[in-house]
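Working notes, beginning with the structure itself.
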Amino acid sequence: MEPVHSGKVRDVYADGDDLVLVASDRVSVYDVVLPTPIPDKGRVLTQLSLWWFERLADIMPNHVVSASDVPAEWAGRAIRCRRLEMMPVEFVARGYLAGSALAEYRKHKSLSGNPLPGGLVEASRLPEPVFTPTTKAAEGHDEPITYDDVVGLIGAETAERLRDATLRIYSRGAELAAERGIVIADTKVEFGRAPDGTLVLADEVLTPDSSRFWPADQWRPGRPQNSLDKQFLRDWSSTIAEWDRTPPGPEVPEDIVEATRARYVECYERITGRRWR
Ligand code: ATP
Ligand code: MG
């Protein structure tokens, strides 16, 4: 198979008309990939994405061709999918105020041009989920864009359908996760177009790498929230005085690796209700 792309965490190969998306066990903290892998992370995230794709199929068809027809060495952590023409937009929906959205709210009392009430604080729940698209930068950071920018990029009809699909995917995901003790604060999805013109949900969906997962019982607006998956790594890394959050990242000790692995497994087990084998 021909390698076509290697991201921080995943590798992408072309195989005829298909792509094979392979999730590695790499993990990043503050956008820096650490030298130590987290065993099972790639499989957990792949299996979680597959679980969601099935449960979102009434909202949007997805790119999955097969989860089993992949080379044996990647079994469980690779998905064979249809190669699509990707929309040049990251479709983000937010239900809580965090990250770049918090900064925008503090400056303008709005999100992607949508006015918001005053009095919200870090990690507040928003009155309703908000669509906050960004560019899809090949390199560097994605920049926030407005809904009108999205219309300019992909046309009014497609923009409206994909904004609605993004908000429905987020709302369904957040509701289901909430019943199981997880706050999904926000999420990013990607869509592409098939040769016949159909719009298709692609990439990964509602995983902790594409979303903010918070333990619901620890949610306290007014301060930064603990990340369900990465908090151990972040807390530990902040004890490494020599590390200035630029590459290379520090080696991770075994107990922190194990605690982090357990958190990814916990995300999977809580959301799907299945045991991780
Ligand atoms: P980062 O590590 O910051 O996420 P990245 O986004 O470049 O970097 P990946 O997310 O690992 O890295 O790469 C997956 C790539 O595959 C993305 O560019 C995504 O848009 C693309 N992609 C996902 N599904 C499809 C598909 N069905 N057809 C074509 N491209 C796809
Ligand atoms: Mg990506």
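Compute the distance in nm between two label points, each set 7 Å from the Cα along the Cα-to-Cβ direction, one at Asp58 and one at Glu269.
With each label point 7 Å from Cα toward Cβ, the separation is 3.0 nm.
Using only alpha carbon pairs under 8 Å that are at least six residues apart, calculate the relative contact order of the stretch 169-254 and give it in whole percent.
Once divided by the residue count of the stretch 169-254, the mean separation gives 21 percent.
Under the rule of -39500 (n - 2.57) per DSSP H run of 4 or more residues, summed and divided by the residues of the chain, what mean residue ellipticity at 222 nm is obtained, to the nearest 500 deg cm²/dmol?
Roughly -9500 deg cm²/dmol at 222 nm, from the helical runs in the chain.
Could you list log10 I(q)/I(0) for the stretch 1-118 at q = 0.17 Å⁻¹, which the Debye formula gives when each Cα is one point scatterer?
-1.00
Provide Rg and Dmax in Å for the stretch 138-277, with only Cα atoms included in the calculation.
Expressed in Å, the Cα Rg and Dmax of the stretch 138-277 come to 18.2, 54.
Please enumerate, by chain and number, the aspartates and glutamates with C-alpha under 18 Å from the C-alpha of Lys107, excluding those fewer than 8 residues away in the same chain.
Within reach: Glu122, Glu143.
So, with +1 on the Cβ of K and R and -1 on the Cβ of D and E, and no other charges, what is the size of the charge dipole of the chain about its Cα centre, to the nearest 20 debye?
Here the chain has a charge dipole of around 840 debye.
In the structure shown, do any of Lys8/Lys41; Lys109/Lys136; Lys41/Lys230; Lys109/Lys188; Lys8/Lys230 have a Cα-Cα gap over 20 Å, and if so which?
In this structure, Lys109/Lys136; Lys109/Lys188 lie more than 20 Å apart at Cα.
Any number yet on Rg/Rh for the stretch 97-198, C-alpha, Kirkwood?
0.98
What does the charge dipole of the stretch 151-274 about its Cα centre add up to, to the nearest 20 debye, if the Cβ of each Lys and Arg holds +1 and the Cβ of each Asp and Glu holds -1?
It comes to approximately 420 debye.
Which residue, Pro248, Pro129, Pro144, has the most motion in a Gaussian network model of the chain that connects Cα atoms within less than 10 Å?
Highest fluctuation of the listed residues: Pro248.
Rounded to whole Å and sorted largest first, list the principal axis extents of the Cα atoms in the chain.
Sorted largest first, the three principal extents are 51, 48, 36 Å.
Take the chain, mark every one of the GluC sites (Glu not before Pro) that falls in a DSSP loop and has at most 16 other Cβ within 10 Å, then report the longest stretch left between them, sites excluded.
1-138
Could you work out the percent of alpha carbon pairs in the stretch 192-263 separated by over 22 Å, rounded to a whole number?
45 percent
Values quoted throughout were computed directly from the atomic coordinates according to the rules given, and no laboratory measurement underlies them. As the structure is a computational prediction, the values presented were derived from the model and not from experiment. Neighbour counts are summed over all protein chains in view; Cβ atoms, including those assigned to glycine, are modelled from backbone coordinates with ideal geometry.
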